[in-house]
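Coordinate-derived values only; no laboratory data. Keep in mind the model is a prediction, meaning the values are calculated, not measured. For neighbour counting, all protein chains shown are included, and Cβ atoms are generated from backbone atoms with ideal geometry for every residue, glycine included.
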Amino acid sequence: MPRFAQPVYIAAGLRTPFGRGGGALADHDAITLSVPLAQAMAGKARPDLFIWGTVIPSLGWSNLGREIWLDAGLDPTVPAWSNVLACSTSMVAAFNGAGMIGGDIDLVLVGGVEVMSNPPIGIQLEVSKRIVKLFRTDPPAALAALQALTPNDLVLPVKGWANRITGRTMGDHMEETAKIWSISREAQDDWSLKSHQRSVAGWERGFFDDLVIALPEISRDANPRADTSAEKLAALPPAFDKTSGQGTLTAGNSSPITDGAAACWVASAEGLTRLPAGIYHAELVDHEIAAVDHGVDGLLMAPSFAIPRLLARHGLRYDDIALWEIHEAFSAQVLANVAALEKPGWTRERAAVDFDFGPFPWDRVNPNGGSVAIGHPFAATGARDLSQAVKELWDKPSGSWAVVSVCADGGHGTVSLLRRP
């Protein structure tokens with residue numbers, strides 16, 4: 001059964017350059033970094049809806065999408081709102097937009113932003129309640145209480161956006177999963193080196209030129225390293241498991257702290273006609289959102305459930321897919337999820353899909369690099385992956401398939417199935 005009542009398309013959008021944490025974009029917040037991108041996208045076409053997200057929250061706004069749209073000086077009659085699903089935020093925004101295509105909705109602008117350099121500092125709940133009560137009854141005492149705050153009264157991002165339920169970071173969880181799946185340090189470093197080499201090569205041959213807008217502070221991605229090597233990656237110490245002597249995840253094979261924003265279009269056939277001629281686009285044939293018990297299967301392993309379910313619905317084997325764009329939260333995450341896809345019996349026993357998918361085509365994955373090299377501003381990654389995949393797919397023959405996969409905190413995985421017209 002078709003996913004949508006009419007064909008729905010993803011058209012490549014723009015993004016900002018991705019900056020290193022604490023680097024060129026660190027003076028921005030989520031709104032100011034998004035405004036020039038929203039203006040650049042709206043300069044190509046007026047959307048019927050605007051959906052935007054960020055993962056790291058701020059008390060400075062409640063509807064980030066609307067704040068960005070209005071601060072950008074754009075048409076106030078365009079509805080704008082926000083969504084969030086961890087690292088899948090802007091991919092889910094695309095799914096949301098696709099589900100709303102129809103009637104008088106033909107073109108939706110979606111995306112996301114993260115300024116990881118500037119996480120907010122909060123106040124512990126009991127302290128907040130006490131101070132708020134004082135402001136109602138004794139304002140001078142409330143000001144004195146604020147001045148007397150200690151580090152123990154604050155909520156600080158000292159654990160790198162750890163999962164609230166487990167209290168452990170994504171890297172902590174992935175380190176455990178890498179051990180379960182026997183993903184070696186050498187394999188992780190090798191994949192990371194490929195990611196850097198491919199993203200650097202993509203920039204050098206101009207692949208990213210029409211996907212990235214220049215900002216006053218930076219004109220191209222800051223994270224890809226042309227000077228990295230297998231030897232340099234091998235010399236880095238473990239970043240998460242620092243004490244057992246068996247840690248394999250490092251700063252070199254993990255996605256870096258990154259600031260950036262990214263967007264893409266969701267359109268009907270009519271909506272495509274409103275976009276610039278020749279824009280890269282592909283049909284969003286189907287999508288899948290999976291959730292797993294992370295205590296059993298691992299926090300970032302849901303793509304290995306979502307991918308087989310999505311492909312089996314369409315009778316597609318792995319080698320039927322001409323392009324795989326897989327988000328690299330960690331190199332180990334890519335390697336572990338594909339190891340699960342290739343493991344005899346996994347898709348039948350764990351994902352409940354009885355289908356022969358065949359061997360996995362590693363040579364078709366992330367031809368222009370992925371998040372380990374490019375960077376991973378949480379909410380921007382889905383739109384970056386979609387736009388990048390659509391452009392990459394455009395070089396393939398008509399009818400070619402692409403899979404775009406993003407893992408997300410909380411045991412989620414979101415996957416898109418695209419087809420080149």
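Return the inverse of the average 1/r over all pairs of distinct C-alpha atoms in the range 286-421, which is the Kirkwood hydrodynamic radius, in Å to one decimal.
Values: mean 1/r = 0.0678 Å⁻¹.
Hydrodynamic radius (Kirkwood, Cα only) of the range 286-421 equals 14.8 Å.
Over all pairs of distinct alpha carbons, what does the Kirkwood formula give as the hydrodynamic radius of the range 158-222, in Å?
Final number for the Kirkwood radius of the range 158-222 is 15.0 Å.
Please list, by residue number, every one of the trypsin sites (Lys or Arg not before Pro) in the range 208-255 that is coil in DSSP and has at most 14 other beta-carbon atoms within 10 Å.
Numbers: sites: Arg220, Arg225, Lys232, Lys242; in loops: Arg220, Arg225, Lys242.
Those satisfying the criteria are Arg220, Lys242.
Both radii are taken from the alpha-carbon atoms of the range 102-235; with Rh as the Kirkwood radius, Rg/Rh is 1.14.
Rounded to whole numbers, the Karplus 3J(HN,Hα) couplings from phi for the range 240-245 are 10, 8, 9, 10, 7, x Hz, using 6.51 cos²θ - 1.76 cosθ + 1.60 with θ = phi - 60°, and x at Gly and Pro. Simple rule: put +1 on each Lys or Arg Cβ and -1 on each Asp or Glu Cβ in the chain, find the dipole, and look at Pro139, Ala267, Gly21; the Cα lying farthest toward the positive end is Pro139. Using C-alpha pairs below 8 Å separated by at least 6 residues, the relative contact order for the chain is 28 percent. Hydrodynamic analysis of the range 175-295 uses the Kirkwood radius over alpha carbon pairs. Inserted into Stokes-Einstein at 4 °C and 1.567 mPa s, it gives a translational diffusion coefficient of 71 µm²/s.
Report summary: the helix-based calculation at 222 nm, which adds -39500 (n - 2.57) for every DSSP H run with n ≥ 4 and divides by the residues of the chain, gives -10000 deg cm²/dmol.
Amide H to amide H distances under 5 Å link Asp106 with Asp48, where only residues 5 or more positions off or on other chains count and H is placed in the peptide plane.
Taken over the range 202-359, the alpha-carbon convex hull comes to 190 cubic angstrom per residue. Normalised by the number of residues in the range 53-100, the mean separation of alpha-carbon contacts (under 8 Å, six or more apart) gives a relative contact order of 39 percent.
Distance from the alpha carbon centroid of the range 184-208 to that of the range 317-394 works out to 15 angstrom. Please work out, to two decimal places, the log10 of the ratio I(q)/I(0) at q = 0.07 Å⁻¹ from a Debye calculation in which every Cα of the chain carries one identical scatterer. Log10 I(q)/I(0), no solvent term: -0.33. Taking the alpha carbon gyration tensor of the range 131-186, multiplying each eigenvalue by 5 and rooting it gives semi-axes of 44, 10, 6 Å, largest first. So for the chain, if I pair up every lysine 8 or more residues apart or on another chain, how many of those pairs have alpha-carbons under 24 Å apart? Final tally of qualifying lysine pairs is 12. Considering only the other residues whose Cβ falls under 13 Å of the Cβ of Glu288, what net charge follows from Lys and Arg at +1 and Asp and Glu at -1? So the environment of Glu288 carries a net charge of +2.
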